[in-house]
Amino acid sequence: MSLIVQKYGGTSVADAERIRRVAARVATTRRAGNDVIVVVSAMGGTTDQLIDLARQVSPSPPGREMDMLLTAGERIAMALLAIAIHEEGVEAVSFTGSQAGILTDSSHGQAKIQEIRSFRVQESLKEGKVVIVAGFQGVDPESKDVTTLGRGGSDATAVALAAANHADVCEIYTDVDGVFTADPRIVADARKLDEVSFEEMLELAATGAKVLMLRSVEFGRNFNIPLHVRSSFHDGPGTWVKETTMEQAIISAISHDTSEAKVTVRGVPDRPGVAAALFEPLAAREVNVDMIVQNVSEDGTTDISFTVPTEHVPVAKEVTEKVIVEIEAAGVDVDEAVARVSVVGAGMKSHPGVAAKMFRVLASNGINIEMISTSSIRISCVVALDQIEEAVRVLHAAFEPPRMVGGL
Ligand code: ADP
Ligand code: ASP
Ligand code: MG
């Protein structure tokens, strides 16, 4: 008998009909003799609606209350799914993150799972019940307050539960057939990958391919749990995310991210300590700084640009405006009309020329590069927001992922 963790995303449980369909699939898996833990997201659109409601009430709602609010979304979905599974004639019990023993740190809105105490989950499995756990949430054991894990966090709940309970399989059911060579909503001829390595998936998730949340891929890699990303609408195979893959494509996929803004601090005096003076207070306020570029100018000052998630812009602005007075910089500009396109592929390590080709393709399509960053298997460029979809399409056409080493 196997233990299977199945995670269903928001679109997969968006209405009563779809919840019944998910219930039927879960019941079939249980009747085949497997133990099943189901992780469920809020019904499609619910989390966005709740965030919007809160904003209408306050421009800066307290993190604790936001988490109280948002966790309600998953709670509705889990109870409805439990009811639908009962209707199938299979016993099921739903748990909040707290009831399922998911303990996190205290960072509201972006809490990290610290420990999972699976007693109740294990007991219910032993009683032959399907266990349904609300995704995206946990509890801070010190304050006893509920927390959320960040957008897309149900993926992290699923993989962490799979690790803690030594599951045989972790299946991520979603609204696409698997991990594609680019976001299929933007590139019509993007292809499904049969498999992708944790290393590449980490880069893709970190650069906007929201089909898997970054933390879930980290758990998968750290605990060596292969993930099967597949469609909740049919039974066909999806994409296996695992340690090693058969082929090392030069380029496996193109990702893009429209959720970051560019902050530029102008006229920074060029002397030791200014970068630390800028980035220390940003770190202290938990601003997630991503790409950083420093341009040396001739008059002894430099411009420093960096990207931050758009929701961190107000704090980043407040902090940098204070710092520029201290370090006597000229000013701060924020540009939210930017986006990042990335090409990712493990074969890039042993195959020079990818960056040059990427820059040439963007240039010949009239797309200006504002910032560049690289890792050993990724190249990212920041471009204007209104050119991002074109950038993804032209790069996908030029690189034709997945291109295998030796296949060029
Ligand atoms: P769920 O609600 O099931 O968690 P998400 O909306 O979080 O689903 O993630 C699935 C979406 O991710 C797809 O609908 C697709 O638009 C987007 N996506 C972005 N990049 C990719 C990619 N490379 N492969 C597959 N989907 C991608
Ligand atoms: N409902 C949460 C969100 O929309 C978590 C998730 O779907 O994974 O981000
Ligand atoms: Mg998701």
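The values are calculated or read from the model by the stated rules, or taken from the named source; none is laboratory data. All of these numbers come straight from a predicted model, not from anything done at the bench. Cβ atoms come from the backbone with ideal geometry, glycine included; neighbour counts cover every protein chain shown. Side chains are part of the model used for accessible areas, which takes the heavy atoms of the whole protein and leaves out ligands, DNA and RNA. Shrake-Rupley method; radii C 1.70, N 1.55, O 1.52, S 1.80 Å.
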> What are the pairs, 6+ residues apart or on separate chains, where a residue within the range 61-80 that is farther than 13 Å from L149 by Cα and within 12 Å of ligand 2 (Cβ to nearest atom) has its Cβ under 9 Å from a residue that is open to solvent by 70 Å² or more (accessible area, probe 1.4 Å) and not hydrophobic (A, V, I, L, M, F, W, C)?
Replying inline: G73/Q49
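Yes or no, residue by residue, for (1) assigned to a helix (DSSP H, G or I); (2) farther than 21 Å from S376 by Cα; (3) open to solvent by less than 10 Å² (accessible area, probe 1.4 Å); (4) touching a His at 6+ places or on another chain (Cβ under 6 Å):
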| residue | (1), (2), (3), (4) |
| --- | --- |
| L202 | yes, no, no, no |
| A205 | yes, no, no, no |
| G208 | no, no, no, yes |
| V211 | no, yes, no, no |
| R215 | yes, no, no, no |
| R221 | yes, no, no, no |
| I225 | no, yes, no, no |
| R230 | no, yes, no, no |
| F233 | no, yes, no, no |
> Would you say D299 is loosely packed, with under 14 Cβ neighbours inside 10 Å and in contact with a Gly (Cβ under 6 Å, 6 or more places away or on another chain)?
Replying inline: no
> Mind checking which residues of the range 309-355 are among the aliphatic types (A, V, I, L, M), part of a helix (DSSP H, G or I) and under 27 Å from the mean Cα position of the chain (by Cα)?
Replying inline: V313, V315, A316, V319, A346, M348, V354, A355
> Given the structure, is T147 among the hydroxyl-bearing types (S, T, Y), within 24 Å of the chain's Cα centre (by Cα) and within 16 Å of ligand 1 (Cβ to nearest atom)?
Replying inline: no
>> With surrounded by fewer than 20 Cβ atoms within 10 Å (Cβ to Cβ), in contact with an Asp or Glu (Cβ under 9 Å, 6 or more places away or on another chain) and in contact (Cβ under 8 Å) with a residue 12 or more places away in the chain as the only criterion, which of E87, E115, E91 stands out?
In response: E91
> Of the residues that sit in the range 1-23 and are more than 24 Å from the chain's Cα centre (by Cα) and in a helix (DSSP H, G or I), which one is nearest to ligand 1 (Cβ to nearest atom)?
Replying inline: R21
> So is V159 of a type in the set (A, V, I, L, M, F, W, C), assigned to a strand (DSSP E or B), buried (at least 20 other Cβ atoms within 10 Å of the Cβ) and within 16 Å of ligand 1 (Cβ to nearest atom) or not?
Replying inline: no
> Restricting the search to the range 24-55, which residues are within 16 Å of ligand 3 (Cβ to nearest atom), touching a residue at least 24 places away in the same chain (Cβ under 8 Å) and in a helix (DSSP H, G or I)?
Replying inline: T46, T47
